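Worksheet for the structure shown next.
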Amino acid sequence: IGVGAFEYCENLTSIEIPNSVTSIGAGTFEHCENLTSIKIPNGIKNIGDYAFENCTALTNIAFSDSITTIGSSAFSNCTSLDKITLPSELTSLGNGVFENCNAEIIFPASLKCIPELGNNAVKKVKIPEGVEIIGEDAFWGCSNLFEITLPSTITSIESGAFSGTGITAFNYPQD
């Protein structure tokens with residue numbers, strides 16, 4: 001689906017994308033403020049930058065596991081999302097992807113590095129064994145994040161990774 005194809009379609013409330021589609025371009029559904037749910041089929045491999053930015057009524061995303069890349073700010077300002085389970089084949093996540101979502105995010109083991117998610121992106125996270133790097137400013141400004149448990153596979157926690165969070169409990173098990 002091309003760049004900005006449905007941008008500012010404010011009356012759009014739901015999307016069911018056919019299996020023949022392989023990519024959602026940059027800004028495709030940006031500012032669809034009444035969009036409440038998305039079902040992304042198995043054919044999709046990539047979601048572009050800003051694809052669903054400012055879809056403020058969005059409460060449900062059904063990701064297919066075929067998605068390997070989600071671009072920068074793809075879901076930023078989707079303030080009605082409560083829980084996000086990322087696809088199991090995901091290998092690349094863009095910066096600022098969940099800014100201001102304040103959601104629970106479940107990461108897949110296939111994602112080796114957690115990037116900068118954006119200010120107030122998360123309130124709860126589940127990071128599985130297999131994730132190796134907590135990137136620079138990954139959880140920066142997530143003031144509602146109070147507790148985190150890191151897997152033993154973490155090899156690097158980069159600068160500012162937990163700056164500005166509300167963390168009061170930090171668990172980092174080692175073998």
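Where the only charges are on Cβ atoms (+1 Lys, Arg; -1 Asp, Glu), what is the dipole of region 1-101 about its Cα centre, to the nearest 20 debye?
On the way: 3 positive and 11 negative charges, 51 e Å.
Charge dipole of region 1-101: 240 debye, to the nearest 20.
Once you keep just the Cα pairs under 8 angstrom separated by 6 or more residues, what percentage relative contact order results for the chain?
Details: 584 pairs, mean separation 22.4, N = 175.
About 13 percent, as a whole number.
Sorted from largest down, give the three principal axis spans of the alpha carbons of the chain, whole angstrom values.
48, 28, 21
For region 1-41, divide the Cα radius of gyration by the Kirkwood radius and give the resulting Rg/Rh value with two decimals.
0.94
List the lysines whose Cα lies under 22 Å from the Cα of Lys126, skipping any in the same chain that are fewer than 8 positions away.
Leaving aside lysines fewer than 8 places away in the same chain, those within reach of Lys126 are Lys83, Lys112.
What number, in nm² with one decimal, is the all-direction average of the projected area of the convex hull of the alpha-carbon atoms of region 72-171?
Seen from a random direction, the Cα hull of region 72-171 projects 5.1 nm² on average.
Any idea which of Gly141, Leu117, Ile106 is furthest toward the positive side of the dipole for region 19-156, if Lys and Arg beta-carbons carry +1 and Asp and Glu beta-carbons -1?
Ile106
Can you work out the accessible area per residue across region 1-117, with the rest of the protein chains kept in place, probe 1.4 Å, in square angstrom?
Each residue of region 1-117 exposes 41 Å² on average to a 1.4 Å probe.
For the pair Glu104/Thr91, report the inter-label distance in nm, with labels modelled 7 Å from Cα in the Cβ direction.
Going from the Glu104 label point to the Thr91 one covers 3.0 nm.
Residue farthest toward the positive end of the dipole of region 19-135, with Cβ of Lys/Arg at +1 and Asp/Glu at -1: which of Thr56, Thr79, Ile38?
The listed residue farthest towards the positive side: Ile38.
Between Ser20 and Lys83, what is 0.36 nm times their sequence separation minus the Cα-Cα distance? Round to one decimal in nm.
20.0 nm
With each pseudo-label sitting 7 Å past Cα toward Cβ, what's the Asn42-Gln174 distance in nm, one decimal?
4.4 nm
If R₀ is 35 angstrom, what is the calculated FRET efficiency for the pair Ser152 and Asn11, using the beta carbon separation as r and rounding to 0.05?
0.10
Based on Cβ point charges of +1 for Lys and Arg and -1 for Asp and Glu, what charge dipole magnitude is obtained for the chain about its Cα centre, in debye rounded to the nearest 20?
It comes to approximately 300 debye.
Residue by residue, what Karplus-based ³J(HN,Hα) values in Hz, rounded to whole numbers, does region 44-59 have, using 6.51, -1.76 and 1.60 with θ = phi - 60° and x for Gly and Pro?
6, 10, 10, 10, x, 4, 6, 3, 10, 4, 6, 8, 5, 8, 5, 10
The values are calculated or read from the model by the stated rules, or taken from the named source; none is laboratory data. None of the values given here were measured: they were computed from a predicted structure. Cβ: placed from backbone, ideal geometry, glycine included. Neighbour counts: every protein chain shown. Surface areas here come from the heavy atoms of the whole protein model, side chains and all, with no ligands, DNA or RNA. Shrake-Rupley method; radii C 1.70, N 1.55, O 1.52, S 1.80 Å.
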